[in-house]
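Report on the following structure.
The values are calculated or read from the model by the stated rules, or taken from the named source; none is laboratory data. Worth saying up front: this structure is predicted, and the values here are computed from it rather than measured. Please note: Cβ atoms are built from the backbone with ideal geometry, for glycine as well, and neighbour counts cover all protein chains shown. The area values use the complete protein model at the heavy-atom level, side chains included, leaving out ligands, DNA and RNA. Shrake-Rupley method; radii C 1.70, N 1.55, O 1.52, S 1.80 Å.
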Amino acid sequence: MDRRAFLVAAGAGLAGCGSTTSPDGESERTATGTATPTSTATPTPVETATPTRTPPERRYLPQLLDVALVSTWSEPGDLAAKRIDQVRRGQPAVVAFRYRLRVPEGTINLKEGVDVTTDDELVVRRFRDVDRTVDSAGLYTWEDAMTFETAEWPTGSLTASVAVGELQLHRTSDSVATTFELVPA
């Protein structure tokens, strides 16, 4: 490829370049114009944060949003409105929790479970089966609670861990815990 073709192909496009042959048979390059180098801005690649996509096998897991000890629970919203951090021994301990789940149309069978521990020793474990019915597919949020009698519990710091399982597809949420104090009566 001669120089002109190379420069045109490379996009330089310098006009007036040619070649002549000298009497001894060698090629000699001449230019009729003066080439001035031009600087071309080269874009610097910028790394953009790619959002982490939830793997499909985790996308439909139940997800616990909040867990707390509450004074009483009777309806959704009590988890935030009636949150407490201690209860007297002999008084009921009410553990409230809010979770969400992607649900197909119809009824879904869930298992809600609470473990109460102290110093990594199980004090009580309770679970129950719950059926939820929806009219259309979508992401739904529910709030619920479990009440425990505390007369036989040790005083001090206790932890309530909650998990929710979806029974048809055998999917279980990660557990979420709250810590509270059981004080002497």
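Remarks
- When each of VAL116, VAL183, VAL123 is tested for being more than 15 Å from GLN63 (Cα to Cα), open to solvent by less than 20 Å² (accessible area, probe 1.4 Å) and at pLDDT 95 or above, the lone residue that passes is VAL116.
- With respect to the conditions (1) without any contact (Cβ under 8 Å) to a residue 40 or more places away in the chain; (2) of a type in the set (Val, Ile, Thr); (3) farther than 13 Å from VAL95 by Cα, VAL124 falls short on a single one, namely (3).
- From SER136, SER161, SER157, residue being modelled with pLDDT under 95 and among the small types (Gly, Ala, Ser): SER136
- Subset of region 164-180 [open to solvent by 30 Å² or more (accessible area, probe 1.4 Å), in a strand (DSSP E or B) and modelled with pLDDT of 95 or more]: VAL176, ALA177, THR179
- Among (1) open to solvent by 20 Å² or more (accessible area, probe 1.4 Å); (2) under 13 Å from VAL87 (Cβ atoms); (3) in a strand (DSSP E or B) - the single one LEU158 does not satisfy: (1)
- Top-ranked residue in region 75-93 [being among the acidic types (Asp, Glu) and farther than 18 Å from GLU149 by Cα; ranked as most open to solvent (accessible area, probe 1.4 Å)]: GLU75
- Restricting attention to region 138-155, the residues being of a type outside the set (A, V, I, L, M, F, W, C), under 17 Å from VAL95 (Cβ atoms) and in a strand (DSSP E or B) number 3.
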